[in-house]
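Working notes, beginning with the structure itself.
The values are calculated or read from the model by the stated rules, or taken from the named source; none is laboratory data. Being a predicted model, the structure only gives us computed values, none of them experimental. A quick note on method: Cβ atoms are made from the backbone with ideal geometry, for glycine too, and the neighbour counts reach across all protein chains shown.
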């Protein structure tokens with residue numbers, strides 16, 4: 001699992017994940033992911049290159065989103081692929097952390113909660 005960070009012109013922190021978000025992948029990125037998410041008011045997580053999602057990956061996403069919500073921040077999951085999106089929907093994660101396939105909409109969702 002690879003993780004990259006980039007501040008967008010909109011002020012949203014983009015976290016890009018690449019690979020399998022399984023037990024090993026989650027363990028590899030958990031500390032960095034949590035630290036960057038917690039220090040940002042608006043985060044979009046680009047999941048377009050995540051090829052597999054397991055429960056430990058869901059845990060990583062949900063703990064960071066919960067920490068952000070406690071600081072009036074918001075995380076949005078951007079462009080998850082078929083099987084990964086199915087896991088997000090089936091687990092109920094998509095009801096807690098919004099999912100968008102449009103970058104502008106994802107940024108607006110993240111910024112909307114951060115501003116309010």
Study note, to complete from the structure: Screening 42, 26, 38 for residues that are within 23 Å of residue 95 (Cβ to Cβ), out of contact with any strand residue (DSSP E or B) (no Cβ under 8 Å at 6 or more places or on another chain) and at pLDDT 95 or above leaves only 26
Check your understanding: Out of all the residues in segment 1-28, which are assigned to a strand (DSSP E or B) and buried (at least 16 other Cβ atoms within 10 Å of the Cβ)?
Key -> 3, 13, 14, 15, 16, 17, 18, 19, 20, 21
Check your understanding: For segment 57-72, does any single residue satisfy the condition of being surrounded by fewer than 20 Cβ atoms within 10 Å (Cβ to Cβ), in contact with a strand residue (DSSP E or B) (Cβ under 8 Å, 6 or more places away or on another chain) and outside any helix (DSSP H, G or I)?
Key -> no
Practice item. Identify the residue in segment 73-112 that is part of a helix (DSSP H, G or I) and in contact with a helix residue (DSSP H, G or I) (Cβ under 8 Å, 6 or more places away or on another chain) and, among all such residues, is nearest to residue 48 (Cα to Cα). Key: 85
Check your understanding: If you scan segment 66-77, which residues turn out to be within 12 Å of the chain's Cα centre (by Cα) and in contact (Cβ under 8 Å) with a residue 40 or more places away in the chain?
Key -> 74
Exercise for review: Filter segment 30-44 down to residues that are in contact (Cβ under 8 Å) with a residue 12 or more places away in the chain and out of contact with any helix residue (DSSP H, G or I) (no Cβ under 7 Å at 6 or more places or on another chain) and give me whichever is surrounded by the most Cβ atoms within 10 Å (Cβ to Cβ).
Suggested key: 40
Review point. Going by the conditions given, is residue 48 in contact with a helix residue (DSSP H, G or I) (Cβ under 6 Å, 6 or more places away or on another chain), touching a residue at least 12 places away in the same chain (Cβ under 8 Å) and either closer than 18 Å to residue 62 by Cβ or assigned to a strand (DSSP E or B) (or both)?
Key: no
